[in-house]
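Peer 1: Below are the structure tokens for one structure; questions will follow.
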Amino acid sequence: MKQRLVNYFSITKKEWNGTVVLVIAVLLAVAAPYVYQKLHKDKPINFKEFDKAAAILSAAEKKSVIKLSSAKGNTAPFISNKLKPGETVELNTADSASLTHIHGIGPSFARRIVAYRKQLGGFINKDQLKEVYGLDAVKYTEINDEIRVDASRVKKLSINTIDFETLRHFPYLSYKQANAVIQYRVQHGNYQSLNDMRDIALLNDEILSKIAPYITFK
């Protein structure tokens, strides 16, 4: 019986070594937090550095606000310069800046309108705006109530003294038609009225009706 108990409680050398290793591991695990705390003390917060960083961030935010306010201030004139209800712009006297006061008309359209007006000599009626490149019927309807035309401002062409180089740039005549007008005058003398121009084969009634308000026979 005694021998049996001895055999039951006895351990091998291998088992003993394992037990020792296990005990050491447990002791190290228990002691590790205390050792770590001892060796790695928390550093105190540097409030001066914190305040410095906060000041830099605050200054950057204020700068951004100032820039945004400045940008809004710069765009304000372009937003507020549009026509008020009931106001209009006269097409034959307005410069490109004045034309941008019309809702839907920006600098690009304004320059095109002025350039076409110069080629024509002026607008006889508002509908002619639809002849400006890019200004379609939809855009015309949008701006129609904000424009007016003083036809007395139109600069007329003296059909009996005008030269070919000037006449060929007139929008309502093609290169060949302008040349025909000049050649007919050379061959038959000065025009007395629009009826004389009806003898020019290249000019039909539609063209003559379009150029009639722009020419004088003096």
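Peer 1: How big is the dipole moment of segment 76-211 about its Cα centre under a simple scheme where the beta carbon of each Lys and Arg is +1, that of each Asp and Glu is -1, and everything else is neutral? Debye, nearest 20, please. Intermediate values should be presented prior to the final figure.
Peer 2: On the way: 18 positive and 16 negative charges, 54 e Å.
The dipole of segment 76-211 has a size of about 260 debye.
Peer 1: Counting only residues 5 or more places away or on other chains, whose amide H sits under 5 Å from the amide H of VAL89 once H atoms are built in the peptide plane?
Peer 2: It is ILE147, ARG148, by chain and number.
Peer 1: Starting from the Cα of ALA97, step 7 Å along the direction of its Cβ; do the same at TYR175; then give the gap between the two resulting points in nm.
Peer 2: Placing both labels 7 Å beyond Cα along the Cβ direction yields 3.9 nm.
Peer 1: Turning to a different aspect of this structure: Please give the contour-minus-distance gain from ASN160 to ARG111: 0.36 nm per residue of separation, less the Cα-Cα distance, rounded to one decimal in nm. Mind dumping the intermediate values first?
Peer 2: Values: separation 49, 0.36 × 49 = 17.64 nm, distance 3.11 nm.
Full-extension gain reported as 14.5 nm.
Peer 1: So, one more: Label points 7 Å out from Cα along the Cβ direction at ILE124 and ARG153: separation in nm?
Peer 2: Here the answer is 1.8 nm between the modelled labels.
Peer 1: Here is a further query. Skipping prolines and chain starts, which residues have an amide H placed within reach, meaning under 5 Å, of the one on ILE215, given they are 5 or more residues away or on another chain?
Peer 2: LEU157
Peer 1: Note the full-extension length gain between GLN192 and ASN204 as 0.36 nm times their separation in residues minus their Cα-Cα distance, in nm to one decimal.
Peer 2: Values: separation 12, 0.36 × 12 = 4.32 nm, distance 1.79 nm.
Contour length minus the Cα-Cα distance gives 2.5 nm.
Peer 1: Residues with beta-carbon under 15 Å from that of ARG117, excluding ARG117: net charge, scoring Lys, Arg +1 and Asp, Glu -1? Present the calculation step by step, with values, prior to reporting the outcome.
Peer 2: Details: positive: ARG111, ARG112, LYS118, LYS126, LYS130, ARG148, ARG153, LYS155, LYS156; negative: GLU90, ASP95, ASP127, GLU131, ASP150.
Every neighbour counted, the sum reads +4.
Peer 1: Farthest toward the dipole's positive end in segment 89-152, which of GLY106, ASN92, GLN119, given Cβ charges of +1 (Lys, Arg) and -1 (Asp, Glu) about the Cα centre?
Peer 2: The one lying farthest along the dipole's positive direction is GLN119.
Peer 1: Tell me, what HN-Hα J-couplings in whole Hz come from the Karplus equation 6.51 cos²θ - 1.76 cosθ + 1.60 at θ = phi - 60° for each residue of segment 97-108, using x for Gly and Pro?
Peer 2: Each residue's phi maps through the Karplus curve to give 5, 5, 5, 6, 6, 6, 4, x, 10, x, x, 5 Hz.
Peer 1: With the cut-off at 17 Å, report for segment 119-170 the share of all Cα pairs above it, as a whole percent.
Peer 2: Values: 635 of 1326 pairs.
The answer is 48 percent, as a whole percent.
Only the coordinates and a few stated rules stand behind these numbers; no lab work does. None of the values given here were measured: they were computed from a predicted structure. Neighbour counts are summed over all protein chains in view; Cβ atoms, including those assigned to glycine, are modelled from backbone coordinates with ideal geometry.
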